[in-house]
1. So for the range 124-132 (the condition being modelled with pLDDT of 95 or more, of a type in the set (S, T, N, Q) and loosely packed, with under 15 Cβ neighbours inside 10 Å), does at least one residue qualify?
2. Checking G60 against (1) surrounded by 13 or more Cβ atoms within 10 Å (Cβ to Cβ); (2) modelled with pLDDT of 95 or more; (3) in a loop (DSSP other than H, G, I, E, B); (4) not aromatic (F, W, Y), which test does it fail?
3. Just checking, how many residues over the range 100-122 are surrounded by 13 or more Cβ atoms within 10 Å (Cβ to Cβ) and more than 13 Å from I67 (Cα to Cα)?
4. Considering only the range 133-150, state which residues are assigned to a loop (DSSP other than H, G, I, E, B), of a type outside the set (F, W, Y) and buried (at least 19 other Cβ atoms within 10 Å of the Cβ).
5. Note down all Cβ pairs under 7 Å where the first residue falls in the range 85-97 and is in contact (Cβ under 8 Å) with a residue 40 or more places away in the chain and under 13 Å from D138 (Cα atoms), the second is part of a strand (DSSP E or B) and among the aliphatic types (A, V, I, L, M), and they're at least six residues apart or on different chains.
6. Hey, does the range 75-92 have a residue that's over 19 Å from M149 (Cβ atoms), assigned to a loop (DSSP other than H, G, I, E, B), modelled with pLDDT of 95 or more and out of contact with any helix residue (DSSP H, G or I) (no Cβ under 6 Å at 6 or more places or on another chain)?
Amino acid sequence: MSAGPSIRLTITTPFTLTALIFMVGCASAPPEQASLSTHTQPVIRSVVDGVFTNRQAARGQRSFERICEACHRTREFRGSAFQQEWAGRPLGDLLQLLVSTMPPNDPGFLELSEYRDIVSYMLRQNGYPAGETELPADTSILMNIRFDMRGGI
């Protein structure tokens, strides 16, 4: 009788050890590796996809003229040099830079929607197409919109 249990133990031990290693591995792995993800990856869009409206860019132009032109000229934010500076980066980076540094004497002074409108104005100044939907003021969404070079500038 004693031979039976030891044989059974010998047969199940490799299976039990493998299961135990698998369970420990899953428990110690980062969550995205331990289970199948039910989350979909964010859709990466581009500024060439029409991510702002003309009305929004017009509001941004008024804000730029009222606030930014005290120190800046539109030409600083238009053309190939500006596009190359931001190429491949998320549009959210540009919004965050404006919010955290402008105006220099009072960063973050404007409403987030005003900063967003100024970004829309900058896009229009660089010849990017307007679309039907306003650019959101949510930085996490803007992190999924890539600033791409526009041909011909």
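1. Within the range 124-132, not a single residue is modelled with pLDDT of 95 or more, of a type in the set (S, T, N, Q) and loosely packed, with under 15 Cβ neighbours inside 10 Å.
2. (3)
3. Total meeting the criteria: 7.
4. The answer is L135, and nothing else.
5. P90/I145; L91/I145
6. no
The values are calculated or read from the model by the stated rules, or taken from the named source; none is laboratory data. What you are looking at is a predicted structure, and each value in this text was computed from that prediction instead of being measured. Ideal geometry is used to build each Cβ from the backbone, glycine not excepted, and the neighbour counts take in all protein chains shown.
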